[in-house]
1. Taking amide hydrogens as modeled 1.01 Å from N in the peptide plane, which residues meet the under 5 Å criterion relative to D159, leaving out close sequence neighbours?
2. List M136, M168, M31 from most exposed to least, where exposure is judged by having the fewest other Cβ atoms within 10 Å.
3. With 10 angstrom as the radius, rank I89, I64 by how many other C-beta atoms surround their C-beta, starting from the fewest.
4. G123: net charge of surrounding residues, Cβ under 13 Å, Lys/Arg +1, Asp/Glu -1, itself excluded?
5. Going down the list K33/K84; K111/K189; K96/K160; K95/K189, which pairs span over 32 Å between their C-alpha atoms?
Amino acid sequence: MQNGRFAPMQKSFVGTQKKSKTMKNLEMDQMHKKQKQYGNRADPRQHQQAKQRVREDWQVIEEIPFTSLAKFGLPTGSLEYYDKRYDRITTKTEKKLTMANRLIHKITTTKDPVIRQICKTRGNVFATDTIVSTLMCCTRSVYLWDIVVDKLGTRLFYDKREDSTIDMLIVNETANELPSENGTMGSAKNLGVEAVFIKLGVTIVKNKRYIRKE
């Protein structure tokens, strides 16, 4: 009689055990995924505060799953020819990196002359290649950034702020210790600016335009 009287409680207790075990397995799976993603180190995004906080009174206009964006593809322009002579450079045959007379375009969407001309006749969503690539990498980014969306009639313009770090190259984003955020030489912003100029110099000296002989 005692076993029969406590049978419902035992069944309920067993169900609770299974549920807690399932939840524990889910937590372990999430922990393993984070360890695999960040190399057994803590998620660095947990220690950063967003510049623009999402308020509760904001109205959600539309939610776009990131998986649906991965199916799209667009032409990205043309490439220059690679100079294979630089494959033979070693520490003993170093070559000085010289800066070429080229501009670094950091223009935003609403100030882009090409986009301004296109939006007069076609399209309803506009953004620069830098902003689009930032959105496509949002699931892996650690450094903070935000994008401003301006609506003009039925058209949407994805813009960046004047002091945005979107144009900067990311340095040490996957390091165990992120760069300092102060004004020192080793800060994330200064390292990003340095990387931009280095990339520009390397791109110029290692690529050459094809000149067709008549």
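1. HN-HN under 5 Å from D159: V148, V149, D150.
2. M31, M136, M168
3. Working: I89 11, I64 8.
In order of increasing Cβ crowding within 10 Å: I64, I89.
4. For residues surrounding G123, the net value is +3.
5. Listed pairs above 32 Å: K33/K84; K96/K160.
None of the figures in this text is laboratory data; all of them are computed from the coordinates on show. What you see is a predicted model; the values in this text were computed from it and never measured. Every residue, glycine among them, receives a Cβ derived from its backbone with ideal geometry; neighbour counts consider all protein chains shown.
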